[in-house]
Amino acid sequence: MRAIFLDRDGTVNVGTPTYERVDSVHKVKLLPKTIKALELLSKLNYLVFFVTNQAGLAEGLITELQFDEINSRVLELIEPSGISVEKTFICPHGEESNCDCRKPKPGLLINAAREYDLDLNQSWMIGDRPSDVMTGVNAGTKTILVKTGVPTVESPQADKTLPSLLEAAEYITSQEQHN
């Protein structure tokens, strides 16, 4: 089975400025065209997962309950797209941690691959930061950098760089039509 791994904050929903966190359900707002993008992805034969670093948990800025409320709100907002997010894989550790799950390390994707019998070489990682791209590279997926978080961000390792999740969904759809 193939998967599309989506970073959440800054890719699907609005992220906040650098070093701030989406730490309340009141900060949850979908990025423009997210529903349309997810509608396109829902028509493809991929399992969809969120993969997200949540240093705010390690820093005590949010509790697990608050994270669950925030994630549930994102899932509720994307429900009209018809997409099913199989599971949200999170790294609850801080930046100084040497864990295997904090992006750009591939632990979240490898855990998903084991749990869901995924072919990572046939899967995609989409995110708004170089660490998202490197997570995909390190796990062996194809990668797309979207410019929805920090528009000036670059990642030469990305297979494709596109303005938003909608263009990423259109690109994957076009790739499917060529196969």
Practice prompt. Would you please name the residue that is surrounded by the fewest Cβ atoms within 10 Å (Cβ to Cβ), looking only at residues in region 39-56 that are in a helix (DSSP H, G or I), modelled with pLDDT of 95 or more and out of contact with any Gly (no Cβ under 7 Å at 6 or more places or on another chain)?
Written response: Leu40
Worksheet item: Which of the residues that make up region 137-179 are among the hydroxyl-bearing types (Ser, Thr, Tyr) and touching a residue at least 12 places away in the same chain (Cβ under 8 Å)?
Response: Thr141, Thr143, Thr148, Ser155, Thr161, Ser164, Tyr171, Thr173
Worksheet item: Tally time: how many residues in region 98-135 are closer than 20 Å to Ala55 by Cβ, surrounded by 22 or more Cβ atoms within 10 Å (Cβ to Cβ) and of a type outside the set (A, V, I, L, M)?
Response: 8
Worksheet item: What helices (runs of 4 or more DSSP H), lying completely within region 59-177, carry at least 1 residues that are over 15 Å from the mean Cα position of the chain (by Cα) and closer than 19 Å to Ser42 by Cβ?
Response: 64-78, 107-116, 165-177
Item to complete: Kindly indicate whether Lys87 is at pLDDT 95 or above, touching a helix residue (DSSP H, G or I) at 6+ places or on another chain (Cβ under 9 Å) and closer than 19 Å to Val146 by Cα.
Response: no
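The values are calculated or read from the model by the stated rules, or taken from the named source; none is laboratory data. Because the structure is predicted, anything quoted here is derived from the model rather than measured. With ideal geometry, Cβ positions are generated from the backbone for all residues, glycine too; neighbour counts draw on all protein chains shown.
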